[in-house]
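Down below is the structure, laid out as structure tokens.
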Amino acid sequence: MTETKRRPPEAIQKILKFDSYVTNQFVTLVNKHLPFMKSLTMHYQALEISCHGIPWFAFWIAFTWLFNNSHLVQMQVNMLLGKFNGIYLPMSMLGS
């Protein structure tokens, strides 16, 4: 049984191409004007491998506890849910 790869709609493809172009231009501009940022690429890769989302998750829990402000609740909950999704979803995709 051969499965064909699902293609996103044309509008989504255009958005993704534009996003890729803008991101590439931004990175090129930053590397041109801030050359020390190039050396950080190695560190980014190490953080990605080391599961750096877990310390951020702990940080946001502590931030929520320390700054118990009703004006910050929506941001704090969104960040915690985003961090949870950032850890859980890739983990569940790799497991299946």
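Can you name the condition, by its number, that Ala11 falls short on among (1) over 25 Å from Asn85 (Cα atoms); (2) modelled with pLDDT under 80? It is condition (2) that Ala11 fails.
Looking at region 21-32, is at least one residue over 18 Å from the mean Cα position of the chain (by Cα), modelled with pLDDT under 80 and in a helix (DSSP H, G or I)? Yes: region 21-32 contains one or more residues that are over 18 Å from the mean Cα position of the chain (by Cα), modelled with pLDDT under 80 and in a helix (DSSP H, G or I).
The values are calculated or read from the model by the stated rules, or taken from the named source; none is laboratory data. Because the structure is predicted, anything quoted here is derived from the model rather than measured.
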